[in-house]
Amino acid sequence: MLEVHIRSAGYKEAETIITNVDFSVQAGELVALIGANGAGKSTTIKGILGMLPHMDGEVTVSNYAYVPEQPVYYDYLTLWEHMELLAATKELSETWKDEALKLLHVFQMEESQHEYLGQFSKGMKQKAMLMLAFLAKPSIYIVDEPFIGLDPTAVRDFLKLLEKERKRGAGVLLCTHVLDTAERICERFLLVSKGTLLASGDITAIQQAADKPGESLLECFDSIVRRNYA
């Protein structure tokens, strides 16, 4: 699904933001890329998507859907027109309309489907980005900070749909600093700080790396970061 081998990368030739980031995401896996703000999570994602001007490394990624932290949309298109454009671009079958209506219902956006996204609140824009991703039915989802701006009901609905997609066989790379939620829903964790991958594995492996058996992901992350940058 996704293979990442980044030796170094950054926005300027003489400036390295991330180094030695190696990981993979397999079919049906939900993997969390975690770290504090400014740790290098979003830069890593940009490297995966080929959006960095300077990168030494290799990335292999299959058919994917990317949900950015800051919604990207066309001011002059309504939500439904965004869905129509996606369907045409991806050459989706006619059943896409039925799926689109289901997504509108799940996210309680039926009444807003013919409105321009520029008129939406932050949370509504985030819902729109998620709906477009789910409509695409990719092999892997790359989602950057999805919980920002979502109300608790929308978070619940998002996680239910994500689980359904995993059962379909889709992989998920979830970039977040909401560690309690990540610990609850993810199978593996990639701990990033100052642009470097400090630890990876399931919660037991992370606890062992932190020498904190039975402790929370937050406690383990804090311990590993402090130990590496004391």
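What follows draws every value from the coordinates through simple rules; no lab data is involved. The structure displayed is predicted, hence computed values, not measured ones. Backbone-built Cβ (ideal geometry, glycine too); neighbour counts: all protein chains shown.
Adding -39500 (n - 2.57) for every DSSP H run of four residues or longer, then dividing by how many residues the chain holds, sets the calculated 222 nm ellipticity at -12000 deg cm²/dmol.
If you run the Gaussian network model on the chain, springs between alpha carbon atoms under 10 Å, then out of L49, L85, L132 the most flexible one is L85. Among the aspartates and glutamates, which have Cα under 18 Å from the Cα of K164 when same-chain residues fewer than 8 positions away are ignored? Output for K164: E29, D98, E99, E187. Taking 17 Å as the straight-line reach from the Cα of K160, the lysines in range (excluding those fewer than 8 positions away in the same chain) are K102, K127, K137.
Normalised by the number of residues in the chain, the average gap of Cα pairs under 8 Å and 6 or more apart makes the relative contact order 28 percent. On the beta carbon distance between D180 and T16, with R0 = 30 Å, the FRET formula returns roughly 0.45. Approximating the spin labels as points 7 Å out from Cα along Cα→Cβ, the E163-to-R7 distance works out to 4.3 nm. Here the chain is treated with +1 on each Lys and Arg Cβ and -1 on each Asp and Glu Cβ, and its dipole about the Cα centre works out to around 300 debye. Structural descriptor for region 65-134: relative contact order 53 percent, calculated from alpha carbon pairs under 8 angstrom and at least 6 residues apart. Of interest is the spacing of the C-alpha centroids, which for region 125-181 and region 203-230 amounts to 26 Å. Partners of K46 within straight-line reach, counting lysines whose Cα lies under 20 Å from its Cα and excluding those fewer than 8 residues away in the same chain: K12, K194. Comparing mean-square fluctuations of G35, G169, G214 from a GNM of the chain with C-alpha springs under 10 Å, the top value falls on G214. Which chymotrypsin sites (Phe, Trp or Tyr not before Pro) does region 32-134 hold that lie in a coil by DSSP with at most 10 other beta carbons within 10 Å? Taking region 32-134 and a limit of 10 other Cβ atoms within 10 Å, the loop chymotrypsin sites (Phe, Trp or Tyr not before Pro) found are Y76. Note on E91 and D211: the extension gain reaches 38.2 nm, defined as 0.36 nm multiplied by sequence separation minus the Cα-Cα distance.
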